[in-house]
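The values are calculated or read from the model by the stated rules, or taken from the named source; none is laboratory data. Quantities reported herein were computed from a predicted structural model and do not represent experimental measurements. Glycine gets a Cβ as well: all are built from the backbone with ideal geometry, and neighbour counts include every protein chain shown. Accessible surface areas use protein heavy atoms only, side chains included; no ligands, DNA or RNA. Shrake-Rupley method; radii C 1.70, N 1.55, O 1.52, S 1.80 Å.
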Amino acid sequence: MDKNATSIIILAAGKGSRMKSPKAKVLHSVSGKPMLFHIIKASQEISNDITVVIAHQKEEVQAQMEAYFQNITFVVQDAENFPGTGGAMKNVAPKNDKVLVLNGDMPLITAHALQGFLDTQADVIMSIFDLENPDGYGRVVINENQVQYIVEQKDANEAELKVTTVNAGIYAFSKDVIEKYIPLLSNDNAQEEYYLTDVVSMARKDGLNIAPLLVNEEHFKGVNSKKDLSDSEVIMQNRIKTAHMNAGVIMQLPSTIYIEEGVEFEGESIVENGCRITGNSRIINSHIKSGSVVEDSIVKDSDVGPLAHLRPLSNIEGTHIGNFVEVKKSSLKGVKAGHLSYIGDAQIDEGTNIGAGTITCNYDGVNKYKTIIGKNVFIGSDTQLVAPVTIEDDVMIAAGTTVTSGTVEKGSLVISRVKLKSIKEFYYKFFKKS
Ligand code: UD1
Ligand code: CA
């Protein structure tokens, strides 16, 4: 693909009032990444000249996108004087003759779905689809097989409201069309906004060539409300999970599994029902059992769960993590931690067994400290490891021990216990029973 043939403009300056949220609409997440992220990612497969128009929360939107992408041009819309999707186009300066304009609230778009815009030749190419319920979309009025105009829902009369062909919100214009018609837009409408969609009727009146492109909702759905957001999430999740299954991952009841964009699988892994895997997690030849959460962690040749929680920056290899075990920012290689433990800021080596109820006390209320555990260590149940602490190889820790000394030497047994007392008949005296 010639990435220098097309320029892309993404409109991301709107408030998104219908989201009823303090957060800018384009920053709401679908599968763990802002909507705008997904659109820029798809755009980068097509073009080297991408402009994002911002205004509402512009610093935040720009900063979040710059954390993911380079070489994006940001243009600020004068949203006070020129509100609306047409106003958003006032300050753009695309480099190429063909200009693709995308709404910033269409997270399901892919480069493949945009191919039709690149293959078609016309002064204006616009996307349409037919919906049983066209609510919220601009209606496309077609007469004599020609697109005549687009009317926004808020401006539509009764007959126009019944039209089920809607404007999907993606257009390809020639640069000349943008330069000619954007300055001519007026805001004489219900919302007192400059509508980009009015370019279509103006171009039509001047006899320009307008090509409607039939697209599908699966890729072109716009997100205006939190219900739309959750509907998009379902579509995106299906897409992500289908790709992983096609690459060899086994998923049980995939509709109950949530996997963020950015998660990677290698080899053959099994993910049971009800799991959540997020961030840049990598799962390699492992079994993630029912109800487990894996965040930004690497799991290799291991089994995790049911009901385990791997928090960010955990690195688990050749390890068994059982139920109700929480691991955070720790590396475990060849370890067994079968039941009810908290392992935070720890490094644990091969052959070590972590007994039920073992807790790393990694936080003193101000700072976090590390726990280092060597090879073949046997940690008895209900052990507290008060960090910073180092347990060398071949150590035994008796059940119920609180380890406070900085280093336990290789081969030792540590035990800290209150001597067991047994007071005869105490129960009967205490409850005055005989
Ligand atoms: C728009 C179209 C409508 C179409 C629908 C498809 C117009 C006038 N209407 O309506 O015909 O059916 O998309 O999803 O274009 N934006 C700005 N600056 C603004 C206003 C909006 O950059 O001043 C951006 C928003 O951030 C958003 C996009 O433009 O990403 C679309 O805005 P939105 O308000 O969602 O338009 P719709 O009412 O959905
Ligand atoms: Ca919209």
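Of note:
- Ellipsoid fit via the Cα gyration tensor, region 194-264: semi-axes of 39, 15, 9 Å, each the root of five times an eigenvalue, largest first.
- Global geometry of region 123-215, whether rounded, prolate or oblate, following the gyration tensor of its Cα atoms and the 1.5 cut on a/c: oblate
- Ordering 167-173, 124-130, 360-366 by mean Cβ neighbour count within 10 Å, with the highest value first, yields 167-173, 124-130, 360-366.
- Sorting the Cα pairs of region 1-85 by distance into bins of 10 Å, from 0 upward, gives 17, 51, 28, 5, 0 percent per bin.
- Accessible area of region 65-194 belonging to carbon and sulfur atoms, whole % at 1.4 Å probe: 42 percent
- For a straight C-alpha distance cut-off of 28 angstrom, the lysines reachable from residue 328 (same-chain residues fewer than eight places away being disregarded) are 33, 241, 289, 300, 336, 368, 370, 375, 410.
- Kirkwood radius and radius of gyration were both taken over the C-alpha atoms of region 85-162, and their ratio Rg/Rh is 0.97.
- Both the radius of gyration and Dmax for region 307-434 are 17.0, 58 Å, in that order, over alpha-carbon atoms.
- For region 5-100, the Cβ-based charge dipole about the Cα centre amounts to some 380 debye (Lys, Arg positive; Asp, Glu negative; other atoms uncharged).
- Counting only protein heavy atoms and a probe of 1.4 Å, the accessible surface of region 215-267 is 55% carbon and sulfur.
- Computed over region 145-267, the P(r) curve from all C-alpha pair distances, binned at 5 Å from the origin, holds 2, 8, 15, 15, 15, 11, 9, 8, 8, 6, 3, 0 percent per bin.
- Computing Rg and the Kirkwood Rh from the Cα coordinates of region 29-135 gives a ratio, Rg/Rh, of 0.95.
- Contact order normalised by residue count of the chain, Cα under 8 Å, 6+ apart, percent: 9 percent
- Global form of region 1-43, assessed from the alpha-carbon gyration tensor, a/c cut-off 1.5: oblate
- Solvent exposure of region 318-393 amounts to 42 Å² per residue of accessible area, where only protein heavy atoms count and the probe is 1.4 Å.
- Per residue, the convex hull spanned by the alpha carbons of the chain comes to 217 Å³.
- Surface accessible to a 1.4 Å probe, residue 3 within the full protein complex, Å²: 70 Å²
- For the chain, calculated [θ]222 nm from helices alone, where every DSSP H run of n ≥ 4 adds -39500 (n - 2.57): -4500 deg cm²/dmol
- For region 191-233, with +1 on Lys and Arg beta carbons and -1 on Asp and Glu, the positive-most of 223, 212, 195 along the dipole: 212
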